[in-house]
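For reference, the structure is listed below as structure tokens.
The values are calculated or read from the model by the stated rules, or taken from the named source; none is laboratory data. The model shown is predicted, which means the values in this text are computed figures rather than measured ones. FYI the Cβ positions are ideal-geometry reconstructions off the backbone, even for glycines, and counts take in every protein chain you see. For accessibility, only protein heavy atoms count, side chains too; no ligands or nucleic acids. Shrake-Rupley method; radii C 1.70, N 1.55, O 1.52, S 1.80 Å.
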Amino acid sequence: MKHMTLNNTIEIPIVGSGTNTFGKEGNQYTGALRGDTQEIDWAIANGYRHFDSAQLYNNEEVLGKGLKKSSIPREDFFITTKLNTREGFGGTDWAHAEIKKSLEKLQTDYVDQFLIHFPWDNHDEIVEAWNVLEDYYNRGVFKSIGVSNFEKEHLELILEHGHFKPAVNQIPSYIGKWNEDLIAINKSQDIATVAWSPLRGIDENAKQVLEEIGNQYGKTYAQVILRYQIERDVIVIPKSHNKERQAQNLDIFDFNLTSNNRERIANL
Ligand SMILES: NC(=O)c1ccc[n+]([C@@H]2O[C@H](COP(=O)([O-])OP(=O)(O)OC[C@H]3O[C@@H](n4cnc5c(N)ncnc54)[C@H](OP(=O)(O)O)[C@@H]3O)[C@@H](O)[C@H]2O)c1
């Protein structure tokens, strides 16, 4: 596994596993929890040590249970979770209470990365929320802090008013929505980009091109697209409910795309 050093010197595995439907009935985002931890168990057995979670997913306890069950030392894992700001910010006391619940569900006394999940309209409140994250960072409860779905204006707000820079900005980046401009802005501020839904947008035409490229290396279309992302220093968090496909998504460190192939992918 390749790691990336974040702007506060901590290391993050460049491939992690998404989790937003894990442990849920019918593998559906809105499904009730089944009570087992199958996908997490497979992912850990496959070698995943980086997991992307969020309060919004309503399944942090599935990850917590799976990590505990594995008996692998906590410090071997890199765990991300996110403050649920889909409906905005409920105030400082609300944030403290939500963070406490996350730590309980994840069965841990710290997380490796804690993000603000979405920006909202009230800029003063965004800074207030960031200050809450900074407090936990200062106390070592969060080993790194960052944001998700932040645009340039939101990043500028934090850069101007925060004490610490975000370590990452987790944003959509996939075929049809590469978000190159925002990735460049992140990079210019030494903020790492994490691509969510990295396997989205692969239509039949794209699949054919990616398979053609993959045949040159003995790799699948999914492996080619994930390789493309990490070759441009983007961290990926693909998710699969299938043990073999999970393994596939980790097996992307033994080939290099040619510049010609990279260009073909960029133009998809
Ligand atoms: N910050 C945010 O706002 C935000 C938003 C969306 C997502 N996320 C995070 O990003 C993670 C990943 O995004 P995602 O779950 O939306 O989608 P994704 O990882 O881009 O794609 C998942 C889909 O790809 C399939 N797949 C996985 N590996 C494959 C392979 N090797 N070959 C062929 N198909 C494969 C899966 O099917 P199978 O299960 O059948 O393999 C599933 O249908 C989420 O789980 C979540 O943690 C964050």
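Brief remarks follow.
- Additional length obtainable on full extension of the chain from A45 to R232, 0.36 nm per residue less Cα span: 64.6 nm
- Seen from all directions on average, the chain presents a Cα convex hull projection of 13.7 nm².
- Computed with a 1.4 Å probe on the full set of protein chains, the accessible area for T108 sits at about 20 Å².
- For the pair W94 and F255 in one chain, pulling the backbone fully straight at 0.36 nm per residue adds 53.3 nm over the alpha carbon distance.
- Gain upon complete extension [N205, E75; 0.36 nm per residue less C-alpha separation]: 42.6 nm
- For the chain, averaging the sequence separation of C-alpha pairs within contact (under 8 Å, six or more residues apart) and dividing by the residue count gives a relative contact order of 18 percent.
- Long-range Cα-Cα pairs in region 12-67 (distance over 15 Å), rounded percent: 40 percent
- Per residue, in Å², the accessible surface of region 34-81 once ligands and nucleic acids are set aside, probe 1.4 Å: 38 Å²
- Helix 60-70 axis, angle to the chain major axis (alpha carbon atoms, nearest 10°): 70 degrees
- Calculated FRET value between Q189 and A266, using beta carbons and R₀ = 30 Å, to 0.05: 0.85
- Share of carbon and sulfur in the accessible heavy-atom surface of the chain [1.4 Å probe, %]: 45 percent
- Exposure rule at most 16 other beta-carbon atoms within 10 Å, DSSP loop GluC sites (Glu not before Pro): the chain longest free segment: 152-268
- Label-point separation in nm, D181 to T30, each point 7 Å along Cα→Cβ: 3.3 nm
- Listed residue pairs exceeding 23 Å between alpha carbons, taken from K207/K243; K24/K152; K2/K177; K24/K177; K65/K239: K24/K152; K2/K177; K24/K177
- Computed with a 1.4 Å probe over protein heavy atoms only, the accessible surface of region 148-240 comes to 43 Å² per residue.
- Alpha carbon centroid spacing (whole Å) that separates region 27-65 from region 182-236: 23 Å
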